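Visitor: Below are the structure tokens for one structure; questions will follow.
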Amino acid sequence: MLSKNPGKKLNTYVSEYVIFDLETTGISCVTDAVVEISAVKVINGEIVDEFSELVNPEMPISYFASQVNGITDEMVADCPTFNEVLGRFLDFIGDSVLAGHNIHSFDMKFIQRDVKKYFGKVIGNDYIDTLQIARLYLPELEHHKLTDLAEHYRIETDGAHRALNDCRMNQKVFELLRKEMEKPSEAAKKVKKCPKCGRPLKMRKGKYGDFWGCTGYPECRYTKNVK
């Protein structure tokens, strides 16, 4: 839903949500553009509807991006532009809580930028970043990419890095993370959380000794001295 104020980030599970994912021409939310947007609507652990469209970004797709997602300039040449697709996406999500992997630092920035550009407002939906939840509740894993979590849970990863496939994979991962949240491991119970953003704190070394720093740095600059 459109709003004057952006939605809040939640570190919890909800029974109804929409997982979404973007593929883009590159990694910069300043200079790059969306080439694919997909979403799945979930109620009580089951996917009840899906949305997926390729987008003409009106700019070249970088070689690196094409190597990752398999989307080429030729594939999107005759597709609608994002100002057309974005309205349909907003109709699909309604006022649902959004979810996705690394959306706090990536996808939400693209979406909010373009919603403001085309509609003059921002998305007011609250959202859940499953990357941050995985870091809180699976601290024993060395890496927390979506494919890492899928492999940890023995979920099929074929078709990864196309938006709709990633949404389906992410939904399965989120439902399994729900169980981690309901019964945290001993390792998860020991994770210190940032009081400002909810992300894990990490012990770091500084000029004046050890300190706790937020893993969301530089976006979140919370620190606490170790005593």
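The values are calculated or read from the model by the stated rules, or taken from the named source; none is laboratory data. In this text the structure is predicted, and so the values were computed from the model without any measurement. Ideal geometry is used to build each Cβ from the backbone, glycine not excepted, and the neighbour counts take in all protein chains shown.
Visitor: Report every pair of residues separated by at least 6 positions or lying on different chains whose Cβ atoms are under 8 Å apart, first residue within segment 214-227 and closer than 9 Å to Cys197 by Cβ, second of a type in the set (S, T, N, Q) and outside any loop (DSSP other than H, G, I, E, B).
Guide: Between residues of segment 214-227 that are closer than 9 Å to Cys197 by Cβ and residues that are of a type in the set (S, T, N, Q) and outside any loop (DSSP other than H, G, I, E, B), the close pairs are Cys214/Thr223; Glu219/Ser105.
Visitor: Still on this structure, please answer the following. Return the only residue of Leu164, Leu177 being under 19 Å from the mean Cα position of the chain (by Cα), closer than 15 Å to Pro139 by Cα, surrounded by 16 or more Cβ atoms within 10 Å (Cβ to Cβ) and touching a residue at least 40 places away in the same chain (Cβ under 8 Å).
Guide: Just a single option satisfies the conditions, and that option is Leu177.
Visitor: Another one. Among the helices (runs of 4 or more DSSP H) lying completely within segment 140-227, list those that include at least 2 residues that are under 24 Å from Ala39 (Cβ atoms) and acidic (Asp, Glu).
Guide: It comes to 146-152, 163-182.
Visitor: Can you pull out every residue in segment 115-134 that is surrounded by 19 or more Cβ atoms within 10 Å (Cβ to Cβ) and part of a helix (DSSP H, G or I)?
Guide: Across segment 115-134, the qualifying residues are Val115, Thr130, Leu131, Gln132, Ile133, Ala134.
Visitor: Taking the conditions exactly as written (within 17 Å of Gly7 (Cα to Cα) and among the acidic types (Asp, Glu)), does Asp166 satisfy them or not?
Guide: no
Visitor: For Pro57, state whether it is touching a Gly at 6+ places or on another chain (Cβ under 8 Å) and surrounded by 17 or more Cβ atoms within 10 Å (Cβ to Cβ).
Guide: no
Visitor: In addition: Across segment 23-37, what is the number of residues that are assigned to a strand (DSSP E or B) and under 10 Å from Phe110 (Cα atoms)?
Guide: Result for segment 23-37: 2.
Visitor: Identify the residue in segment 67-88 that is more than 12 Å from Glu36 (Cβ to Cβ) and assigned to a helix (DSSP H, G or I) and, among all such residues, is nearest to the chain's Cα centre (by Cα).
Guide: Checking each candidate, the answer is Leu86.
Visitor: Let me ask something additional. Before we move on, is Val115 over 19 Å from Asn69 (Cβ atoms) and either touching a Lys or Arg at 6+ places or on another chain (Cβ under 9 Å) or at pLDDT below 95 (or both)?
Guide: Yes, satisfied.
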